[in-house]
Amino acid sequence: MAWNEPGGNNQDPWGGKRGNDGPPDLDEALKKFQEKLGGIFGGGNGGGGPQGGGLSSSALGLIAVAVVVIYALFGIYQINEQERAVILRLGVYSETKDAGLHWNPPLIDSVTKVNVTKVRSHSTRGEMLTQDLNIVEVNLSVQYRIGDAQSFVLRVRDPEASLAQATDSALRHVVGSTEMHEVLTEGREQIAVDIQARLQDYLNSYETGIEVDKVNVEETTPPAEVQAAFDDVNKAREDEERLKNEAETYANGIIPEARGAAQRVIEEATAYREQKVAQAEGEAKRFEQLLAEYQKAPQVTRERLYLETMQEVMANSSKVMIDVEGGNNMMYLPLDKMVGSSGGRVGTAKVTPDMIRDISNQVAEQLRRESVTTTTRRREGR
C-alpha cells in the first residue's frame, strides 16, 4: 500500500505522521539523519537531548589516519631483478631505481618499469640494389635489449619504431655498397658485422637506449628470374672446391713421397761419397806402404807390381799370349774357343781364372820341352 493512499494513516516516508498543514519538512529530515550519524560516531547521546553540529574530533582523526594509510599503501611497489624503474615527479625526470622494494608518493610520482635483461627480436625483409646494380632479397633479424631505461622511456617517443627504421637504413646502406656475389655467398657474415656497427651508431645518435646484441643475415636470394643461373654458379663453385680438395689430397700424397725419394738420394750420395773418400784414403795408405817397400827393393817391387797388374788384366781375358824365353815367336791361345770345342757347348762354358792359369802352365811347359829338344838336336848336328 502506498504511503499516501487512503487508509495509510497519513504517514510520510521519514517516519512522521502527515498532518493537514502540508508536505514534510526537509530540514527536520536532515536533522534526524545528522543525529543518527552523531550517535554512530559519538557526537550525541543517542537520545532526545541536544545534538552537536558535526563529527567529533576523534572521528575526524580516524578518518585522516585511514586516508594516510591508504595513500601510503598505494605508493609501495617492487622492482624485479630484470627491471629498472624510471621515476617522474610532477612530469619531470627524478631518478632511475634498481631492483628492490620502493615507495613513491602516488599522484605525485609516476613509475615506469622497464625490463632491461629481456632479449627482444626484430625482423625485416626487403629487396634492394647492390653495388653492381643487381637486385637481391635479404631477410634480416636483430636481437637487442634495453641498455638505458631513462633514454628508452624519455628520449624517443617510439624507440622500437626508430629501431625498425634504423635497421632498414643500415641494411640498405651496407648491401648497396657490396657486390651481389658477396651478398649471396661468403660475404654474409661480414655484412652482418657491418650492419650491426652501423645500426648501433644510429641508435646511439637517436639516444634510444637500445643495445644491439646480434645481427643475423638469415637468407639472401637473387630474383626469381636469375635463380637458375645463380644455381649454376653455385654448382660451379662447389665443383671448384671439390677439385681443389682433390688436388690438395693428391699433393699431400705426392709431396711426402718425393721428399722421401729426395732424402734417399741424398743419403745414397752421402754414403757413396764416404765410400769413395775411405777408398781413396785406403789407396793412399797402401801407396805409402808400397813406396816404402819400393825404396828398399826397387827391382823386386817393380817386377811384383808388373805381375800383379798382368794377372788382374789377363784374369778377365779369354785369350792368352805366351812368350817363351829363347823362342822367336809369341804364341796366341784362344782359350774361349778351345774350352767351347772341348766340351761341345760353344759359348755356354764359363772360363775361370784357374782354368786359364792351368792351361797356360801346361802350354808353357810343353813349349819349354820342345825348345830344349830343338836345342839338343842342333848341338848334336854340329
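The values are calculated or read from the model by the stated rules, or taken from the named source; none is laboratory data. Remember, predicted model here, so these are calculated numbers, not experimental data. Glycine also receives a Cβ, built like all others from the backbone with ideal geometry; neighbour counts cover every protein chain displayed.
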I need the full set of residues from the stretch 81-94 which are under 44 Å from the mean Cα position of the chain (by Cα) and in a strand (DSSP E or B), in order please. E83, R84, A85, V86
Output the residues belonging to the stretch 82-114 that are surrounded by 14 or more Cβ atoms within 10 Å (Cβ to Cβ) and over 27 Å from V68 (Cβ atoms). E83, R84, T96, V114
Are any of the residues in the stretch 107-116 at positive phi and either hydrophobic (A, V, I, L, M, F, W, C) or not in a helix (DSSP H, G or I) (or both)? yes
Could you say whether any residue in the stretch 202-221 is small (G, A, S), closer than 19 Å to E127 by Cβ and either assigned to a strand (DSSP E or B) or touching an Asp or Glu at 6+ places or on another chain (Cβ under 8 Å) (or both)? no
Close pairs (7 angstrom Cβ cut-off, 6 or more residues apart or separate chains): over 19 Å from G126 (Cα atoms) in the stretch 137-163, among the aromatic types (F, W, Y) and at pLDDT 90 or above anywhere: I146/F152; Q150/Y93; L154/Y93; V156/Y206; P159/F152
Exception for D132 within (1) in a loop (DSSP other than H, G, I, E, B); (2) of a type in the set (D, E); (3) farther than 22 Å from T221 by Cα falls at (3)
Does V119 satisfy the condition of being surrounded by fewer than 15 Cβ atoms within 10 Å (Cβ to Cβ), under 26 Å from the mean Cα position of the chain (by Cα), among the hydrophobic types (A, V, I, L, M, F, W, C) and farther than 20 Å from V233 by Cβ? yes
Does A280 satisfy the criteria of being at pLDDT below 90, over 60 Å from the mean Cα position of the chain (by Cα), surrounded by 10 or more Cβ atoms within 10 Å (Cβ to Cβ) and of a type outside the set (S, T, N, Q)? no
